[in-house]
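Novice: One structure, as structure tokens, below. Some questions next.
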Amino acid sequence: MGRIALFVLTACLSISAMAADVIKGERKQTFGDVTVHYNTFNSTFLTPDIAKAAELIRSKNQGVINVSVIKAGKPVIAQVTGTVKDLTSQSVPLTFRQITEQGAIYYIAQYPVEQQEVRTFEIKVQTGDKIDTINFNQELFPGE
């Protein structure tokens, strides 16, 4: 499972092929003492072994969103929920799963990518009694 975390982290930091707009070098947002790192990419960027180990569907029509929550330099357990909307405001709920391994905690979810289009993501991260929201747009492309 250590390979999964390493690959997903690498993918989060290096994949910009799906973004249409200029993306900050690092996709993160800070809320007080909590920092949320997030990224999304096509599941075909995962090797078959990594996708299988992470129980993800590897398909040109499936995207992956990865979220990690950091407090005081350490990963924290959070409740992560969200939606992704297309240009017609059709909303798809994101069902996040927690992956914990060797001092790392990740939340991953998949969503359909039927065609090239800009999608709006809304991610809610709850740590304790506090709920923080991240909104971002990203152009998505079906994989090859």
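Novice: Excluding residues on the same chain fewer than 8 positions from Lys74, give the lysines whose Cα lies under 23 Å from its Cα.
Specialist: Lys24, Lys28, Lys124, Lys130
Novice: While we're here: According to a simple spin-label model (label point 7 Å from Cα along Cα-to-Cβ), what is the distance in nm between Val92 and Thr30?
Specialist: 3.3 nm
Novice: Report the full-extension gain for the segment Gln115 to Gln79: residue separation times 0.36 nm, less the Cα-Cα distance, to one decimal in nm. Write out the running numbers ahead of the final one.
Specialist: Values: separation 36, 0.36 × 36 = 12.96 nm, distance 2.96 nm.
Gain on extension, Gln115 to Gln79, equals 10.0 nm.
Novice: How many percent of the alpha carbon pairs in region 33-82 exceed a separation of 15 Å?
Specialist: 53 percent
Novice: What residues of region 56-92 lie in the reach of a label at Glu101, counting those whose backbone N is under 11 Å from a point 7 Å from the Cα along Cα→Cβ?
Specialist: none
Novice: Across 10 Å bins from the origin, how do the percents of Cα pairs in region 97-144 run, short distances first?
Specialist: Using 10 Å bins, I get a P(r) of 19, 39, 32, 10, 0 for region 97-144.
Bear in mind that the values in this text are calculations on the coordinates, not laboratory data. Predicted model only: the values in this text are computed from it and were never measured. Don't worry about glycine lacking a Cβ; one is built from the backbone with ideal geometry, like all the others, and counts go over all protein chains shown.
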